[in-house]
1. In whole angstrom, note down how far apart the Cα centers of segment 147-190 and segment 249-280 are.
2. Explain nothing, just the number: dipole magnitude of segment 153-286 about its Cα centre with +1 on each Lys and Arg Cβ and -1 on each Asp and Glu Cβ, in debye rounded to the nearest 20.
3. Might you tell me the accessible area per residue for segment 78-152, computed with a 1.4 Å probe and given in Å²?
4. At a probe size of 1.4 Å, how large is the accessible area of HIS236, to the nearest 10 Å²?
5. State the extension gain, in nm to one decimal, for the chain segment bounded by LEU104 and VAL48, taking 0.36 nm per residue of separation less the distance between their alpha-carbons.
6. Return the subset of LYS137/LYS229; LYS77/LYS227; LYS137/LYS175; LYS216/LYS237; LYS137/LYS224; LYS70/LYS93 for which the Cα-Cα distance in this structure is over 24 Å, preserving the input order.
7. At 1.4 Å probe size, with the rest of the protein present, what percent of the exposed accessible area of segment 199-281 is carbon and sulfur atoms?
8. Place a point 7 Å from the Cα of ASN244 along the Cα-to-Cβ direction; which residues of segment 79-108 have their backbone N under 18 Å from it?
Amino acid sequence: MSEKLGKGGKRQKMQGDAAKAEEAASPGEDRDAPVEQGQVLFPPSFSVSEIKNKQRRHFMFLRWKQQQRKERLALKKKRKKEREALGDKAPPKPVPKTIENQRLYDETTVDPNDEEVALDEATDEFAPYFTRQTVPKILITTSDRPRGRTVRFCEQLSKCIPNSHVYYRRGLALKRIIPQCISRDFTDLIVINEDRKIPNGLVLSHLPDGPTAHFKMSSVRLRKEIKRKGKDPTEHKPEVILNNFTTRLGHSIGRMFASLFPHDPQFVGRQVATFHNQRDYIFFRFHSAVKWTQVEGNSTYKSIYSSRSETWTQNQ
């Protein structure tokens, strides 16, 4: 036996099935109880995945989501009214649980003013840079036969890092590239890898004796893909901001990134390179200040920083 129903008939039949399931799940309850218009009643043990018909399963899932949304809004309005009624006696708002505030304290967190940390900084591979004995000179290269997106990314990255040069390998092995870099006074080597025409990895090596770090790269956005982008970067030396590099490993990684940029940033150019470490991801963005204003007699940024160049995320 088969029957054909229109859209209205299907909807009525689905609602009838839901009502039957509700009656079967609660036979002892009062069936004459008032029901609000548009309210969807589901049995306590209702599972959308048990519905075999795909269209009916999708329809019931949407109705279930709508019901949950209405319940959340009603509970939110109820709490708001209670807080307004209590006034100053209202309890403080609960702090939402996030990955960041639920994270356990890392025992490797170090104090920048610690004597042991200061001794390590004075004797590590980046000490000549921080004592201004060397000037950063960066070589940016790629994997063999890079595609257009990787090539554009390297070009834009070279505009963010002063005194950086882009060379393409053309089948040349890294074992032959590194000695040439050392002989030409390059201090760092950056290799951009790609997979399926998309940049997905970055190797940063400090010359001549290391260290070397490899980062997975994701969410690469070129300059033209960012909304409300500003003008092209100028030749001014940018200011570098390192945020949340507090652990032992993070401290070394932060110094490695800082050694890519020259000392004495030119604040007139109002360019900033930001490295933000969060949940073992390093977010990099190149910004430029757009406007100045006077606040309580001090010069501050009004619209702190406007995105100008690319955004890329790295997994430490």
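1. After rounding, the separation between the Cα centres reads 19 Å.
2. Around 560 debye, computed over segment 153-286.
3. 83 Å²
4. HIS236 exposes around 70 Å² with every protein chain in place.
5. Once the chain is fully extended between LEU104 and VAL48, it gains 16.4 nm.
6. Working: LYS137/LYS229 28 Å; LYS77/LYS227 36 Å; LYS137/LYS175 19 Å; LYS216/LYS237 27 Å; LYS137/LYS224 27 Å; LYS70/LYS93 21 Å.
Violating the 24 Å limit, Cα to Cα: LYS137/LYS229; LYS77/LYS227; LYS216/LYS237; LYS137/LYS224.
7. Details: 2180 of 4380 Å².
Here carbon and sulfur together make up 50 percent of the probe-accessible area.
8. 96-108
The values are calculated or read from the model by the stated rules, or taken from the named source; none is laboratory data. As the structure is a computational prediction, the values presented were derived from the model and not from experiment. As a convention, Cβ positions derive from the backbone with ideal geometry for all residues, glycine included, and neighbour counts pool all protein chains shown. For the accessible areas, the whole protein counts, side chains as well, though only heavy atoms, and no ligand, DNA or RNA atoms are used. Shrake-Rupley method; radii C 1.70, N 1.55, O 1.52, S 1.80 Å.
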